[in-house]
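Please treat every number below as a calculation from the coordinates, not as lab data. Everything numeric here is computed off the predicted structure, so don't read it as measured data. Cβ placement follows ideal geometry from the backbone for every residue including glycine, while neighbour counts extend to all protein chains displayed.
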Amino acid sequence: MDDLADFLRTRRARVLPESVGIRADARRRVSGLRREEVAHLSGVSVDYYVRLEQGRARRPSAQVLDALARALHLDEVERGHLHRLAHRPERAPRRVPVARPRPELLRVLELVVDAPAFLIDHRLTVLAANRLADLLYGRRVQGLNLARHVFLGEEGRALFADWEGCTLDAVGHLRLSAGRYPDDPELASLIGELAMGSARFRRLWARADVRRRTHGRKAYQHAEVGRLELHQENFALPDGTGTELIVQSAAPGTAAHDGLRLLASLGATGDPVPSDTA
């Protein structure tokens with residue numbers, strides 16, 4: 001499958017004709033724009049655009065990609081993804097960066113005591129976590145793949161209060177990672193496993209949506225302390241490995257803040273957190 005062609009087709013199907021000044025009638029049989037309409041709006045020939053969607057045209061210029069991005073109403077994340085897909089080097093597979101958190105970074109993680117905090121790699125696997133994160137998930141979270149937890153287990157579905165939103169975030173993140181690291185066999189294996197095990201994953205993956213989450217709401221339904229409405233901040237590490245530090249906090253005086261304090265007190269005995277398998 002040609003990822004660039006697939007991405008163009010799905011973005012074209014998403015654009016409403018009315019949004020670009022094209023009058024649609026009942027005889028229209030395509031979802032979104034026609035190929036010739038995209039070509040006209042972007043200023044490229046119909047033949048060239050058709051060849052792009054069929055995977056027969058390679059390495060379009062940056063100017064063409066920017067014109068297509070405007071015609072297809074791509075946001076900044078999607079525009080960057082489009083350029084990466086179009087300009088993949090035609091050479092031997094490149095090495096996938098290995099994320100190995102430095103001891104100094106692990107110490108910083110442990111300094112976060114009032115909020116769940118953890119490190120994830122580009123595959124959404126937890127590399128390290130503080131104790132409050134373990135308590136939030138009810139298990140030792142290091143080594144847990146969050147995409148598997150969301151899509152393939154009942155525990156994940158029960159824990160995430162906005163489960164559908166979490167599935168969108170997970171697929172969008174993995175789509176971006178697949179664009180950045182096309183030669184990663186572990187990522188390809190994970191995507192195949194999720195596609196085999198989850199009909200929802202297959203449907204969302206076929207949409208080719210990409211997402212980069214930087215901050216926002218994260219809601220949990222914890223078995224012991226109830227609903228926790230947390231604020232999540234994602235900090236991308238500048239080491240080129242795709243590693244992110246995630247911190248989920250609650251404002252003082254809120255029910256979620258009280259819930260986190262209660263959760264911390266429940267784990268204050270120092271008993272080990274169960275190390276369930278992912």
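Kindly state, as a whole number, the per residue volume in cubic angstrom of the convex hull around the alpha carbon atoms of the chain. Mind showing how you got there, number by number?
Working: hull volume 44.0 nm³, N = 278.
Convex hull volume per residue, Cα atoms: 158 Å³.
Along each of the three principal axes of the Cα atoms of the range 1-159, give the extent in whole Å, ordering the values from largest to smallest.
Result for the range 1-159: principal-axis Cα extents of 57, 42, 25 Å.
At what distance in nm do the modelled label points of Arg23 and Met196 sit from each other, each positioned 7 Å from its Cα along Cα→Cβ?
5.3
Would you give the gap between the C-alpha center of the range 110-163 and the C-alpha center of the range 169-213, rounded to a whole Å?
Cα centres, the range 110-163 to the range 169-213: 18 Å.
Once you have all Cα-Cα distances for the range 40-113, histogram them in 5 Å bins from zero and send the whole-percent values.
So the P(r) values, bin by bin, are 3, 12, 17, 17, 11, 8, 9, 7, 7, 5, 4, 1.
Classify the range 86-171 as rounded, prolate or oblate from the Cα gyration tensor: take a ≥ b ≥ c as the square roots of its eigenvalues, call it rounded if a/c is under 1.5, otherwise prolate when a/b beats b/c and oblate if not. Intermediate values should be presented prior to the final figure.
Working: a/c = 2.62, a/b = 1.25, b/c = 2.09.
Because a/c hits 1.5 or more and a/b fails to exceed b/c, the range 86-171 counts as oblate.
Starting from 0.36 nm per residue, how many nanometres of slack lie between Asn234 and His215 once their C-alpha separation is accounted for? Walk me through the intermediate numbers first.
Details: separation 19, 0.36 × 19 = 6.84 nm, distance 0.58 nm.
Working it through step by step, the gained length comes to 6.3 nm.
If you take all C-alpha pairs in the range 3-86, what percent of them are over 15 Å apart?
On the way: 1854 of 3486 pairs.
Result: 53 percent of Cα pairs exceed 15 Å.
What longest range of the chain stays clear of loop-exposed GluC sites (Glu not before Pro) (DSSP non-H/G/I/E/B, at most 16 other C-beta within 10 angstrom)?
Values: sites that count: Glu90, Glu224.
With GluC sites (Glu not before Pro) excluded where exposed in loops, the chain gives 91-223 as its longest stretch.
Put a dot 7 Å past each Cα toward the Cβ at Glu186 and Val50; how far apart are the dots in nm?
4.4
Ordered by packing density, taken as the mean number of other Cβ atoms within 10 Å over each peptide's residues, highest first, how do 250-260, 134-144 rank?
Highest-to-lowest ranking by the protection proxy: 134-144, 250-260.
Taking square-rooted eigenvalues a ≥ b ≥ c of the alpha carbon gyration tensor, is the range 123-203 rounded, prolate or oblate, where a/c under 1.5 means rounded and, failing that, a/b exceeding b/c means prolate?
On the way: a/c = 2.00, a/b = 1.33, b/c = 1.50.
Oblate.
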